[in-house]
Every structure is written in structure tokens, then in C-alpha cells.
1. Across the range 13-33, what is the total count of residues that are closer than 14 Å to residue 74 by Cα and out of contact with any Lys or Arg (no Cβ under 9 Å at 6 or more places or on another chain)?
2. Looking at the range 53-66 only, could you name the residues that are of a type outside the set (Asp, Glu) and within 13 Å of the chain's Cα centre (by Cα)?
3. Taking strands (runs of 3 or more DSSP E) that fall entirely within the chain, which contain at least 3 residues that are surrounded by fewer than 16 Cβ atoms within 10 Å (Cβ to Cβ), free of Cβ contacts under 8 Å to residues at least 60 places away in the same chain and not basic (Lys, Arg)?
4. Give me a count of the residues in the range 1-43 that are among the acidic types (Asp, Glu) and in contact with an Asp or Glu (Cβ under 8 Å, 6 or more places away or on another chain).
Amino acid sequence: MAMDADEIATLIKQTLPDAQVTITDLRGDGDHYAAEVISSEFVGKTRVQQHQMVYESLQGRMGGVLHALALSTSAPSA
């Protein structure tokens, strides 16, 4: 069973409430998404740490219900 883009965004925002989240379904199959996540929680974090925060917010769905997620993360520009 595939995940809905809104469900992905909701999960991310539960962990990163200030996040600006843009989800794009790359193939129209509900299995391959791209996500752009901008959050002040990322300030001072490495790109790897930022990605880990997003993956943790997905509560173990990555690689199972959610097959592929191309991830772009950043802190807001000042």
C-alpha cells in the first residue's frame, strides 16, 4: 500500500512543526516522492543530520510503505 503525499507532509510536520514541506509525486504511483523540507530545526545541523531528522519523522515507513524519497533539506534563509 502506497503513502499519500499529505500523509508524508503531516508526519514531517508532527516532528518539525515549523517546517515548510513540499512533496512531489515523481512517477504518479504513490511510491516515489521528492520532498523539500525547510525548518529552523536544521540550523547548525549537517545535511546528514537534517535527513536523519526527516527519516525519523516518517516513523519507520521509509523502505516499507514509502519506497523512495528524494530529500532536499535546508534551514530558512535569514
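Derivation of every value follows stated rules applied to the coordinates shown; laboratory data play no part. Model, not experiment: these values are computed from the prediction. A quick note on method: Cβ atoms are made from the backbone with ideal geometry, for glycine too, and the neighbour counts reach across all protein chains shown.
1. Selection size over the range 13-33: 4.
2. 53, 54, 55, 57, 58, 59, 60, 61, 62, 66
3. Hits in the chain: 20-25, 68-74.
4. Number of matching residues: 2.
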